[in-house]
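Notes follow the structure.
The values are calculated or read from the model by the stated rules, or taken from the named source; none is laboratory data. Everything numeric here is computed off the predicted structure, so don't read it as measured data. Every residue, glycine among them, receives a Cβ derived from its backbone with ideal geometry; neighbour counts consider all protein chains shown. Heavy atoms of the whole protein, side chains included, go into the accessibility calculation; ligands, DNA and RNA do not. Shrake-Rupley method; radii C 1.70, N 1.55, O 1.52, S 1.80 Å.
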Amino acid sequence: MAMPARVLFLAADALDRDLVLQWAGDGTLPTFQRLLDRAAWGMSENPPGLFVGAVWPSFWTSVSPARHARYCYEQLRPGSYEIVRVRPTDTHAPAFWNALSAAGRRVAVIDVPKTFVAEGFNGCHIVDWGTHDPDYPGPVTWPPSLAQELVSTYGRDVVGNCNTHGRAGEYQRLRDELLDRIARKRRMILDLLTRESWDVMLAVFSESHCVGHQCWHVHDSTHARHDATLAARIGDPMRDVYIAIDTAMGEIIARAGADTDVIVLGSHGMRSHYDATFLLDQMLWCVEHPHGISTPLRPPFAKRVWARTPHSVRRMFAPLKQRMKDRLDPNPLASRRFFPVPNNDAYGAIRLNLAGREPAGRVARHEFDAVCASLERDLLAFTNVDTGEPVARRVWRVDSVYAGPRMGHLPDLIVEWNRDAPIARVRSERTGEIAGVYTKCRTGDHSPDGIFFALGDGVAPGRVAHNVSIMDFGPTLAERVGVTLPDVDGRSFAPSVFRGASR
């Protein structure tokens, strides 16, 4: 019988696969070129339409968003019209590494995004020492005493909310802070790797995520906001960050040793931040009221002022803003037949105000199919005024892809935008022209699929013929250390990658 392996899992959050392949090929990323030469590698798939916020919860639970219910940082509270912040602890499924811990495996988890610490963990768990969009104000760890040790040895994260850097245009400073954080995390991982003989270690670099959102326009000369003078002055921050991650991963893989299975993941990608999510509320209102009933939306000027207000001031006045909003319209969604719900920006998301599900439902259940079909036709009829191209490539029902006990937490419809060009003005025959201003600072946003590599005894180098799901990594890691995960949606891809491995 084969002995369990030791497994090292390394990931870079939102590390774009096309850039990895390009820069590995031209010698910029030698570690990834070695992986392409020596590892089994292929493409990973993320939850359709919900992938931006559901990537990591689907990874660490090994189940679908229809079961774990977490797909965005804000979501509609089922049975209400309230949009609430969603925390890692709101995820309705356990982490797969809890099963490894319960089976007696020693496990180290370092900065896997959107997780929380389980007490009594057999190993160490570090949450939000240095991640994109952290949920906690500093490292939270198991054991608890580890947090102070990490801060004393490796310092604190100085990047914080990377949106503040983009808003101020401090791209060079952001790049330098991200490079520094990569160097410190590399030391942390190497120190923990050699502290004891772990059965499984998982570690994630998030700097590729931050730099992709804020510096895509510096990298991409075709971007509408590209500044050639800025790029000539500071270079390509994305390239610099990718090189630093490549170097760190190469050193960590070498330190792990030849007797360790290694799985590397670039979770999902980046491209230009062109979408119409910021217009979707107006589009839906005008579809429902094509004859010009006054809109309940805030005036664009007020939106722009609020969006440009410093975060510290917005936090101070947020309670007053909410009280004024509630007084003017205590239940603004109750009177509508359909409305947008948060889904990050890459894909639009729509909820029907369904009778029997929403408190003041205005769409009868027997109307559901017809309303969905009508919305699909109306949204596909919108064109980008500046290009003449359709605004949406596709509109599809969530229940055509997902099924599970938490479907009530998910949107009803997904809008896949045409992201080939900026969108500022849209029109259809039914609604006329609708215009708006994108007020956020991000110039890059996500593309759906990722890339993975598997290196170890018995691995046949080369492209893996089939794609793997983000839900498959947990079962694969578990199988390699002799544990079977109970009741998950993912399936191990180890048999097709680690063929003939013996220990």
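Okay, residues lined up against (1) acidic (Asp, Glu); (2) crowded, with 17+ Cβ neighbours inside 10 Å; (3) at positive phi:
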{"site": "Ala370", "(1), (2), (3)": "no, no, no"}
{"site": "Ser374", "(1), (2), (3)": "no, no, no"}
{"site": "Leu379", "(1), (2), (3)": "no, yes, no"}
{"site": "Phe382", "(1), (2), (3)": "no, yes, no"}
{"site": "Asp386", "(1), (2), (3)": "yes, no, no"}
{"site": "Trp396", "(1), (2), (3)": "no, no, no"}
{"site": "Val401", "(1), (2), (3)": "no, no, no"}
{"site": "Arg406", "(1), (2), (3)": "no, yes, no"}
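Identify all residues within segment 408-417 that are over 16 Å from Leu352 (Cα atoms) and surrounded by 19 or more Cβ atoms within 10 Å (Cβ to Cβ); write none if there are none.
Listed by number, the list holds a single entry, Trp417.
So the check is Cβ under 6 Å with 6+ separation or different chains; which pairs have a first residue in segment 85-96 that's in contact (Cβ under 8 Å) with a residue 40 or more places away in the chain and a second one that's among the small types (Gly, Ala, Ser)?
Close Cβ pairs (under 6 Å, with a partner that is among the small types (Gly, Ala, Ser)) amount to His92/Ala69; Phe96/Ser62; Phe96/Gly474.
Output the qualifying pairs, or none if there are none: Cβ atoms under 7 angstrom, residues six or more apart or on different chains, first residue in segment 30-45 and within 20 Å of Ala494 (Cβ to Cβ), second residue modelled with pLDDT under 95 and open to solvent by less than 10 Å² (accessible area, probe 1.4 Å).
Cβ pairs passing all conditions: Ala40/Val497.
Given Thr194, Thr222, Thr247, which one is touching a residue at least 60 places away in the same chain (Cβ under 8 Å), open to solvent by 10 Å² or more (accessible area, probe 1.4 Å) and within 20 Å of Trp23 (Cβ to Cβ)? Spell out how you get there, then give the answer.
Working: Thr194 fails: within 20 Å of Trp23 (Cβ to Cβ); Thr222 fails: touching a residue at least 60 places away in the same chain (Cβ under 8 Å).
Going through Thr194, Thr222, Thr247 in turn, just one is touching a residue at least 60 places away in the same chain (Cβ under 8 Å), open to solvent by 10 Å² or more (accessible area, probe 1.4 Å) and within 20 Å of Trp23 (Cβ to Cβ): Thr247.
Can you tell me which of Val385, Val363, Val391 is touching an Asp or Glu at 6+ places or on another chain (Cβ under 8 Å) and farther than 25 Å from Asn163 by Cβ? Break it down into steps so the answer makes sense when it comes.
On the way: Val363 fails: touching an Asp or Glu at 6+ places or on another chain (Cβ under 8 Å); Val391 fails: touching an Asp or Glu at 6+ places or on another chain (Cβ under 8 Å).
So the residue among Val385, Val363, Val391 that is touching an Asp or Glu at 6+ places or on another chain (Cβ under 8 Å) and farther than 25 Å from Asn163 by Cβ is Val385.
Give segment 450-480 a look and list any residue that's farther than 19 Å from Val204 by Cβ and either more than 20 Å from the chain's Cα centre (by Cα) or open to solvent by less than 40 Å² (accessible area, probe 1.4 Å) (or both), or say none. Write out each step before concluding.
The first filter runs over segment 450-480 and keeps only residues farther than 19 Å from Val204 by Cβ, leaving 456-467, 479.
Within segment 450-480, Gly456, Asp457, Gly458, Val459, Ala460, Pro461, Gly462, Arg463, Val464, Ala465, His466, Glu479 meet the criteria.
Assess whether Pro411 counts as being part of a loop (DSSP other than H, G, I, E, B), touching a strand residue (DSSP E or B) at 6+ places or on another chain (Cβ under 6 Å) and under 20 Å from Ala54 (Cα atoms). First the steps, then the outcome.
On the way: part of a loop (DSSP other than H, G, I, E, B): yes; touching a strand residue (DSSP E or B) at 6+ places or on another chain (Cβ under 6 Å): yes; under 20 Å from Ala54 (Cα atoms): yes.
When the stated conditions are applied, Pro411 passes them.
Pick out the one residue from Gly436, Gly444, Gly462, Gly450 that is on the phi > 0 side of the Ramachandran plot and in contact (Cβ under 8 Å) with a residue 40 or more places away in the chain. Full working, then the answer.
Working: Gly436 fails: on the phi > 0 side of the Ramachandran plot; Gly444 fails: on the phi > 0 side of the Ramachandran plot; Gly450 fails: on the phi > 0 side of the Ramachandran plot.
Just a single option satisfies the conditions, and that option is Gly462.
Just one of Ala231, Ala224 is small (Gly, Ala, Ser), in a helix (DSSP H, G or I) and out of contact with any Leu (no Cβ under 7 Å at 6 or more places or on another chain); which is it? Full working, then the answer.
Values: Ala224 fails: in a helix (DSSP H, G or I).
Just a single option satisfies the conditions, and that option is Ala231.
So the check is Cβ under 9 Å with 6+ separation or different chains; which pairs have a first residue in segment 349-364 that's closer than 10 Å to Arg337 by Cα and in contact (Cβ under 8 Å) with a residue 12 or more places away in the chain and a second one that's open to solvent by less than 10 Å² (accessible area, probe 1.4 Å) and among the β-branched types (Val, Ile, Thr)?
Qualifying pairs under 9 Å: Leu352/Val363; Asn353/Val363; Leu354/Val363.
How about segment 286-390: which helices (runs of 4 or more DSSP H) wholly inside it have at least 3 residues that are modelled with pLDDT under 65 and farther than 29 Å from Ala69 by Cβ?
Values: elements: 300-308, 311-328, 368-380.
Qualifying helices (runs of 4 or more DSSP H): 300-308, 311-328.
Are there any pairs, at least 6 apart or on different chains, whose C-beta atoms fall under 7 Å, with the first in segment 172-186 and within 17 Å of Ser152 (Cβ to Cβ) and the second in a helix (DSSP H, G or I), and if so, which?
If the second residue must be in a helix (DSSP H, G or I), the pairs left are Arg181/Glu207; Arg184/Tyr154.
With the checklist (1) at pLDDT 95 or above; (2) over 22 Å from Trp129 (Cα atoms); (3) open to solvent by less than 10 Å² (accessible area, probe 1.4 Å) in hand, flag the one item Thr28 doesn't pass.
Thr28 satisfies all of (1) at pLDDT 95 or above; (2) over 22 Å from Trp129 (Cα atoms); (3) open to solvent by less than 10 Å² (accessible area, probe 1.4 Å) except (3).
Quickly run through segment 418-449 and pick out the residues that are open to solvent by less than 10 Å² (accessible area, probe 1.4 Å) and in contact with a Lys or Arg (Cβ under 6 Å, 6 or more places away or on another chain). Give the steps one after another, and end with the answer.
First, pick out the residues of segment 418-449 that are open to solvent by less than 10 Å² (accessible area, probe 1.4 Å): 426, 428, 434, 443-446.
Selection gives Thr443 alone.
Each row is one residue, and each column tells you yes or no for (1) of a type in the set (Ser, Thr, Tyr); (2) in contact with an Asp or Glu (Cβ under 6 Å, 6 or more places away or on another chain).
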{"position": "Glu177", "(1), (2)": "no, no"}
{"position": "Lys185", "(1), (2)": "no, no"}
{"position": "Ser206", "(1), (2)": "yes, yes"}
{"position": "His209", "(1), (2)": "no, yes"}
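Is there a residue in segment 459-482 that is out of contact with any Asp or Glu (no Cβ under 7 Å at 6 or more places or on another chain), over 30 Å from Tyr274 (Cα atoms) and part of a strand (DSSP E or B)?
Scanning segment 459-482 turns up at least one residue that is out of contact with any Asp or Glu (no Cβ under 7 Å at 6 or more places or on another chain), over 30 Å from Tyr274 (Cα atoms) and part of a strand (DSSP E or B).
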